[in-house]
Each structure stands twice: as C-alpha cells, then as structure tokens.
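No value in this document is a laboratory result; all are computed from the given coordinates. Being a predicted model, the structure only gives us computed values, none of them experimental. All Cβ positions, even for glycine, are placed from backbone atoms using ideal geometry, and neighbour counts span all protein chains on display.
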Amino acid sequence: MTDRPRKPLKPATQATNSGRRSEWTGAVVNPPVWRASTHLYPDVVALREGLTSNADGRFFYGRRGSPTQWSLADALTEMEPGATGTMLYPSGVAAISCALLAVLKPGDEILIADSSYDPSRSFADVFLKRMEVTAHYYDPLIGADIANLFSDKTRAILLESPGSLSFEVQDVPAICAAARKAGITTLLDNTWATSRFFPALEKGVDISIVAATKYIVGHSDVMLGAATTHDKYWNRLRRTAQQLGQVVSPDDAYLAARGLRTLEVRLRQHESSALTIARWLKEREEVGLVLHPALPDCPGHEIWKRDFLGSSGLFSFELKQGDEASRAAFVDALDLFGIGYSWGGYESLALPVDPAKHRTATEWKGKGALVRLNIGLEDPDDLIADLANAFEHYHGAGS
Ligand SMILES: Cc1ncc(COP(=O)(O)O)c(C=O)c1O
C-alpha cells in the first residue's frame, strides 16, 4: 500500500520512478534483493508491536515480503489510478484464483466471460464447483444486458478484455455499472492491456488482475501475478492472500521491477510493430479475419476505441485454408517466431489456437484456422519477411 502523495506524472515517468522509496533503495537505484524467511526484532516489545500493528511495508515474517516485494507492489498500485493496494502472487493463475477466493463463498454464483483464459475456467469448473460456487458463462459482447443474468446469488463477475485467443473487447464500464448497482463484485483479467492501456479501476472494475509474467516482467523468465484494488476490497484481498500463504520470491520481484522500468517503451514498440504486422496480414489473400482490437474485424473494436489508451502485441488471425496440416506447415515454417504459450516477452511467438474448444455459452463462428501471434521487439520488417516465407510453405501444404 502506497503512502506517498501521488503526483500527476506521465506514464513513462511513473514507470521509472514508482515504488522507489528512498527507505527501500538506500544509496542505490533499485531496491536490492532481500532474501529472508526470518525477520529479527530488536526486543520483545518490538515483537509484540509487530503483531498488533499488522502493517504492510514493515518487517514481520518472510511470507510478508521485504522491501523488494513491497516496492514492486507499491509501484503497481501507483500505476493504477484509484488503487489502494496490490497483492503479489507466484503466477497470474494464482492471482486470479486467490482474488476469486477473496470474494466468493459456498452457495454463490459467478458469471465468467466465455472468452476467458482456459485455466480461469478450469478453476471455476473444478475448484469453485467443489466449494459449491456455481459458474455461469456469458457472451463477452453482452454489455449492460448482463443484468438479465443476475440472480440473488450472483456475487462476482470475471471479465477479460480482450478475450483470450479470440480478442472480443468487452464493454467493461457497462458491465461494471450494472454489477455495482446490484452489489456484485467485478474482477478483470487485464493482462493484455495492463493499467497503462486500460486503467481498470477508473472504468469501474473492483479488482484488476494481471499475469505480470507477461508485460510487467517482459523478458520471458519469471512467473508472477498481481491483483490491485480499491479501499472496499483491499483488506479482504490482502488477508485472503496471506491466509493462502501467497508469497513471491524476492529475486522474481526484483526482475519484475526491473521489467517495469521499461514497460512504457516496450509496450509502445509492441503496439507499433503489432499494428504494422496486423495491417500487413489483413492485405494477404490467405488471411480472413484479423482479430486485433485496434482493427475493425475485431468484435468490440468500437469499444476498444472508446475505452483503451493503446493496444499491445498479442492478436490472432485466421488462415482461410483452415485445415490443420496447412496451419501447422505455416507455423512450423516460421523462423523468428517461437512456438510457445506464455506471451508478453521481447521475443515473437506463434501458436495455433482453437477458441471453439473452450466455449460453452456462445458458438465460435470463425471459419478458418486461427494463429495467435505475440509480436516481440524484433524489427517488424524481419518478422514480415518471416511470415511471407511461411505463407509459401502454407500453400505447399494445401496443394
Ligand atoms: C490472459 C491471461 N491471463 C492469465 C494468464 C496466466 O498467467 P500465468 O502464466 O502467470 O499463470 C495468462 C497466461 O497465458 C493469460 O494469457
């Protein structure tokens, strides 16, 4: 939880300065890695005092973190307008699960966007079900009509915008306004945009979650999650994470904080390169829909224009010739794109994806075979040349 007065700084300045309190950095630029399970007290009075104050940002016990973790959490809070505090978790999935556990109890119902990240769905379908919480899935494009799905048991809504794999942009303000009126908590997986491109709490979200594994870390070498919230939910989120024993390694927190310092320049480059490549793909005769929120093909594009401050580097496109062999030939022929799941790093990736497999409330109407691209920080000209070459193999496989 931050105790510094917030200055109206521009995002790049915020990304470089936030969380760097002098009490944590000392005489160096970055708060060092504090490795500790045991925190030592000067005397018994101080030991007792620690128990009663139960304060954040103070030495207490290893699980409560050290200046390395506090600084990162503080920075993420400062970068989310309207936030009171941020909890860190050892992965994005841990952040989603623990935040849901902070607001749900047996007998509750939760509404989940049909386009949500598949492990979020699994957590609801298996774990929450065992807890006697019922998940209902909704059309990500439902907007204010979500109110028609509310029952007196609906306690939470999980949003993800844009959706995983298929990139529908949700009307987050409309959904959150309806939820707030009905006393329902809203949680958003904001991994794609981060608070930089979508200031979630300002748009009405109660708990904003990111897989910091992606853009915050930015270098494909750390798993980390974060959930940021306002006054109403802060204490509950914090206590639940503590009760569930959530703690992040100081080395990982250090690397994430280092990533954060370049977030602004990386996001801008991801945005520009991804847009260049998405527009180039749109001109190719082999390509059907290009599902990039900043392009008109993408469902919810108008909402993206209204609500977002930018777009990041992940999008999907449709190969018209939709057979598996042609798609595999295309992906396998790429040289500069790795084949892998975890995105948001500096290196480009390509992945065959099939949204139809993960839906229950809506039908996936795409006709072709989807490929999801993570556009990294390489020169986009080289990436385009690589994609152009892969189209030759794609034609070969189809003939
Ligand atoms: C949208 C989204 N949310 C959450 C996660 C989970 O993050 P993590 O891999 O850190 O658990 C991912 C991972 O791919 C993701 O794409």
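Here are the numbers for this structure:
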| read-out | value |
| --- | --- |
| Cα centre as origin, Lys/Arg/Asp/Glu Cβ charges: the chain dipole, Debye | 1620 debye |
| Eligible lysines near Lys305 by straight Cα distance, threshold 17 Å, same-chain separation 8 or greater | Lys203 |
| Within a Gaussian network of the chain (alpha carbon springs, distance under 10 Å), most fluctuating of Leu47, Leu188, Leu334 | Leu47 |
| Highest-first arrangement of 20-29, 208-217, 319-328, where packing means the average Cβ count within 10 Å | 208-217, 319-328, 20-29 |
| Segment 100-152 versus segment 268-344: alpha-carbon centroid distance in Å | 28 Å |
| Surrounding net charge for Leu149, when Lys and Arg each add one and Asp and Glu each subtract one, Cβ distance under 15 Å | -4 |
| Sequence-distant residues sharing a close amide H with Leu314 (under 5 Å, placed H) | Ile375 |
| Percent of Cα-Cα distances greater than 36 Å, calculated over the chain | 26 percent |
| Segment 292-342: translational diffusion in µm²/s, Stokes-Einstein, Kirkwood Rh over Cα pairs, 37 °C, 0.692 mPa s | 247 µm²/s |
| Rounded, prolate or oblate (a/c below 1.5 giving rounded, otherwise prolate when a/b exceeds b/c) for segment 265-399 by Cα gyration tensor | oblate |
| Shape of segment 1-112, Cα gyration tensor, a/c cut at 1.5 | oblate |
| Degrees separating the helix 67-78 axis from the principal Cα axis of the chain, which is the longest one | 60 degrees |
| Neighbour-limited loop hits for chymotrypsin sites (Phe, Trp or Tyr not before Pro), segment 310-365 (at most 12 other Cβ within 10 Å; DSSP other than H, G, I, E, B) | Tyr341 |
| Cα pair count fraction exceeding 19 Å, expressed as % - segment 136-271 | 55 percent |
| For Ala369, residues with placed amide H under 5 Å, excluding near neighbours | Leu319, Gly322 |
| Overall form of segment 230-298 per C-alpha gyration tensor (a/c, 1.5; a/b vs b/c) | prolate |
| Neighbourhood charge, 12 Å Cβ-Cβ cut-off, centred on Cys176 and excluding it, Lys, Arg +1 and Asp, Glu -1 | -1 |
| Residue (of Gly368, Tyr394, Ala329) at the positive-pole extreme of segment 269-399, dipole from beta-carbon charges | Gly368 |
| Among Ser71, Gly288, Ile277 - extreme Cα towards positive end, dipole of the chain, charges at beta-carbon | Ser71 |
| Residue-wise HN-Hα coupling along segment 12-27, computed from phi with Karplus coefficients 6.51, -1.76, 1.60 (Hz; x: Gly, Pro) | 5, 6, 4, 4, 7, 9, 5, x, 9, 5, 5, 5, 9, 7, x, 9 |
| Spin-label pair Thr25/Ser122, simplified geometry with 7 Å Cα→Cβ offset, distance in nm | 4.1 nm |
| Computed [θ] at 222 nm, deg cm²/dmol, the chain (DSSP H ≥ 4; -39,500 (n - 2.57); rounded to nearest 500) | -11000 deg cm²/dmol |
